[in-house]
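What follows is a set of notes on a single structure, which appears directly below.
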Amino acid sequence: MWITLEDIEDNSNIYIGVDVADINGTGPAEIFVTSLNLQRTSLTSFVLEYTGKDFEKIVETARWYFRVADLPSRGKILLGQKHEHNNAFIGDIYEMSWQGHEYVPSDKIKIRGAANVLGLTLGEVTNEGEEIAVAYNDIDYLQIFDPKGEVLWKVAERLG
């Protein structure tokens with residue numbers, strides 16, 4: 001079965017990201033679509049899930065940027081960030097969990113400074129058994145954070 005953007009939404013959004021993972025534990029993977037309104041002033045993200053016959057929106061309008069990270073020790077997790085002050089690099093980033101009929105923030109990801117969840121992932125980068133964040137900052141420098149959220153390393157040149 002094929003699904004197109006016309007099937008799920010009209011032309012009143014700007015689609016900026018898509019991730020797939022079974023976060024709510026029902027079996028089929030959810031499709032997390034991060035989108036902005038045409039004015040780029042608010043998030044209009046939504047989540048789809050396959051019902052066996054069709055794709056259904058299980059979350060209509062979420063005010064979150066969504067990102068799935070695949071961790072060797074825990075599998076796929078959902079990360080989220082609110083859209084703050086029309087700046088995608090200001091809001092705190094959280095691990096998200098399914099509660100009731102929505103995704104809610106749980107653990108805050110420790111990072112200091114500007115970062116957007118769409119340019120971030122977690123992993124055991126230093127082989128010391130701790131999950132740490134790797135992210136682009138607001139001026140396209142790649143950074144690695146220590147477990148306390150402090151910058152451990154930053155690339156010398158802009159990469160983004």
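The values are calculated or read from the model by the stated rules, or taken from the named source; none is laboratory data. Since the model is a prediction, treat every value here as computed from it, not as a measurement. Positions of Cβ are generated from backbone atoms using ideal geometry, with glycine treated the same way; all protein chains shown enter the neighbour counts. Just so you know, the surface numbers come from the protein's heavy atoms only, side chains and all, with ligands and any DNA or RNA stripped out. Shrake-Rupley method; radii C 1.70, N 1.55, O 1.52, S 1.80 Å.
Remarks
- Annotation note: Cβ proximity below 6 Å between a residue of region 115-126 that is of a type in the set (Ser, Thr, Tyr) and a residue that is part of a strand (DSSP E or B) (sequence gap 6+ or interchain) occurs for THR121/ALA69; THR121/VAL134.
This table checks each residue for (1) within 12 Å of the chain's Cα centre (by Cα); (2) more than 11 Å from ILE23 (Cβ to Cβ).
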{"site": "ARG74", "(1), (2)": "no, yes"}
{"site": "GLN81", "(1), (2)": "yes, yes"}
{"site": "PHE89", "(1), (2)": "no, yes"}
{"site": "ASP92", "(1), (2)": "yes, yes"}
{"site": "TRP98", "(1), (2)": "no, no"}
{"site": "HIS101", "(1), (2)": "no, yes"}
{"site": "LYS108", "(1), (2)": "no, yes"}
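- Subset of region 10-25 [exposed (fewer than 13 other Cβ atoms within 10 Å of the Cβ) and free of Cβ contacts under 8 Å to residues at least 40 places away in the same chain]: ASP10, ASN11, SER12
- When residues in region 37-52 are screened for being open to solvent by 50 Å² or more (accessible area, probe 1.4 Å), under 22 Å from VAL104 (Cα atoms) and of a type outside the set (Val, Ile, Thr), 1 of them pass.
- Candidate set from region 88-110 (those that are in a strand (DSSP E or B) and touching a residue at least 24 places away in the same chain (Cβ under 8 Å)); member that is farthest from GLY25 (Cα to Cα): ILE93
- Whichever residue in region 133-156 is assigned to a strand (DSSP E or B) and within 20 Å of TYR65 (Cβ to Cβ) and, among such residues, is most open to solvent (accessible area, probe 1.4 Å): TYR136
- Test: residue in region 136-144 that is of a type outside the set (A, V, I, L, M, F, W, C), within 18 Å of ALA21 (Cα to Cα) and out of contact with any helix residue (DSSP H, G or I) (no Cβ under 7 Å at 6 or more places or on another chain): no
- The one condition in (1) in a strand (DSSP E or B); (2) surrounded by 14 or more Cβ atoms within 10 Å (Cβ to Cβ); (3) without any contact (Cβ under 8 Å) to a residue 40 or more places away in the chain that ILE58 fails to fulfil: (3)
- Scanning region 98-112 for residues that are surrounded by 15 or more Cβ atoms within 10 Å (Cβ to Cβ) and not charged (D, E, K, R) turns up TRP98, TYR103, PRO105, ILE109, ILE111.
- Near pairs, Cβ below 9 angstrom, 6+ apart or cross-chain, from region 69-82 (part of a strand (DSSP E or B) and basic (Lys, Arg)) to any residue that is open to solvent by 80 Å² or more (accessible area, probe 1.4 Å) and at pLDDT below 90: LYS82/ILE90
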